[in-house]
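Since the structure comes first, as structure tokens, the remarks are kept for the end.
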There are 2 protein chains.
Amino acid sequence: MNVFGDYVRQRRLELQETDAAFSLRKVAAAIDVEPSYLSKIERGEQPPPGEKTIIALAKELGEDPDALLALAGKVSEELLAIIRKRPKLFAQLIRDLKNMPDHAVLRLVREVRDGNW
Amino acid sequence: MNVFGDYVRQRRLELQETDAAFSLRKVAAAIDVEPSYLSKIERGEQPPPGEKTIIALAKELGEDPDALLALAGKVSEELLAIIRKRPKLFAQLIRDLKNMPDHAVLRLVREVRDGNW
DNA sequence: TGTAGTGTGTAGTATATACTACACACATGA
DNA sequence: TCATGTGTGTAGTATATACTACACACTACA
């Protein structure tokens, strides 16, 4: 049950096939952690790293930071801060959307974005 | 800058004026922590407690759990789990709503709730 | 005057989080 | 054959989180 590590390793190996800059050591250097640490994370011997490291990793691998954070069981501090400013409002909205299908939520996102509000 | 503790103490003292069940010791017992710990939290000598304790405290004081968690700089695990299931969708929605006024978000909540979706 | 209740002070503990430092074994090409 | 690069194993560290246990001083009232 090592979703995060497995996912990262798979993505990295894919990229490594065509670009030597994606060896474990190179990636570790790019995101500023020890190679052994990244190795352990990929193999699930260590839990996922902290938010900053995950976001750096996402950028390095061309992944969506929020999605990668989610795989690590986290939600970005930036989003949490937004929620904490109006906790009741956002709590209700999120709970109400819990069981809505993706397309409904997406429609909502678009309407908000289009500014009919 | 002890928002959480100050707020809790104020609420508790208000309630204590008309009901002796809201002494520090009684409340501590009700939420299952040591009195000295609650005392320190109220005075800001200790950071806010964990989620479970905050929710128990909110119930005891008749406060909104999400609001009290927010004062403690937290967001409930329950909401986080919902977000983590569809991280990209929720991330976008939350960021888009960041600068919307309350009434706009509220209108959205109501529309969702009324099930025009 | 003692006992019941109030809040507080002191001194810890267990567990989790987020890593570092360095040595090791294997492969590959020059 | 040896320098370079690959991933991994071992053994730690610093800091934060979330508390407990118990003694102490003060107040009120019976």
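The values are calculated or read from the model by the stated rules, or taken from the named source; none is laboratory data. All of these numbers come straight from a predicted model, not from anything done at the bench. Backbone-built Cβ (ideal geometry, glycine too); neighbour counts: all protein chains shown. Surface areas here come from the heavy atoms of the whole protein model, side chains and all, with no ligands, DNA or RNA. Shrake-Rupley method; radii C 1.70, N 1.55, O 1.52, S 1.80 Å.
Out of residues 5 or more away from B:Q46 or on other chains, whose amide H comes under 5 Å of its own, with H placed 1.01 Å from N in the peptide plane?
Close amide H contacts, sequence-distant or interchain: B:I41.
Would you mind listing the distances between the B:K85 label point and the same position in each other copy? Use 7 Å along Cα-to-C-beta, nm, one decimal, shortest first.
For B:K85, the inter-copy label distances come out at 2.7 nm.
Work out the length of the dipole vector of chain B about its Cα centre, built from +1 on the beta-carbon of each Lys and Arg and -1 on the beta-carbon of each Asp and Glu, and round it to the nearest 20 debye. It would help to have the intermediate numbers written out before the result.
On the way: 19 positive and 19 negative charges, 105 e Å.
Charge dipole, chain B, about its Cα centre: 500 debye, nearest 20.
Could you give, in nm with one decimal, how far B:N99 is from each other copy of that position, shortest first, with labels 7 Å out from Cα toward Cβ?
In nanometres, ordered from closest: 3.6.
If you take the accessible area of A alone, add that of B alone, and subtract the area of the pair, what total do you get in Å², probe 1.4 Å, to the nearest 100?
4300 Å²
For the pair A:D6 and A:A104, how long in nm is the line joining their label points, each one 7 Å along Cα→Cβ?
Once both label points are built, they end up 3.1 nm from each other.
Express the accessible area of segment B:3-75 per residue in Å², computed with a 1.4 Å probe while the remaining protein chains stay in the model.
Each residue of segment B:3-75 exposes 54 Å² on average to a 1.4 Å probe.
Run the label-point distances for A:E111 please: 7 Å along Cα to Cβ, every other copy, nanometres, shortest first.
Here A:E111 shows inter-copy label distances of 0.3 nm.
I need the Debye-formula profile for the protein assembly as shown: one equal scatterer per C-alpha, no solvent, reported as log10 I(q)/I(0) at q = 0.09, 0.13 1/Å, two decimals.
Scattering profile of the protein assembly as shown, log10 relative to I(0): -0.52, -0.92.
For chain A, what is the mean residue ellipticity at 222 nm derived from helices alone (per DSSP H run of n ≥ 4: -39500 (n - 2.57); sum divided by total residues; nearest 500 deg cm²/dmol)? Each step should come with its number before you reach the end.
Numbers: 8 runs with 82 residues, N = 117.
About -20500 deg cm²/dmol.
Using only the Cα atoms of chain B, what semi-axes does the equivalent ellipsoid have when each is the square root of 5 times a gyration tensor eigenvalue? Give whole Å, largest first.
Numbers: eigenvalues 220, 50, 35 Å².
So the three semi-axes of chain B are 33, 16, 13 Å.
Give a quick list of trypsin sites (Lys or Arg not before Pro) in segment B:56-98 that DSSP marks as loop, anything other than H, G, I, E or B, with at most 16 other Cβ atoms within 10 Å.
Answer by residue number: B:K98.
Tabulate in residue order the Karplus-calculated ³J(HN,Hα) for segment A:66-75, using 6.51 cos²θ - 1.76 cosθ + 1.60 with θ = phi - 60°, rounded to whole Hz; enter x for Gly and Pro.
Working through the residues one at a time gives 5, 5, 5, 4, 4, 4, 8, x, 10, 10 Hz.
To the nearest 10 square angstrom, how much accessible area does A:T18 have with a 1.4 angstrom probe?
Surface open to solvent at A:T18 totals about 120 Å².
With the contact rule set at Cα under 8 Å and sequence spacing of 6 or more, what percent relative contact order holds for segment B:3-75? Working shown, then result.
Working: 68 pairs, mean separation 23.3, N = 73.
Once normalised by length, the contact order is 32 percent.
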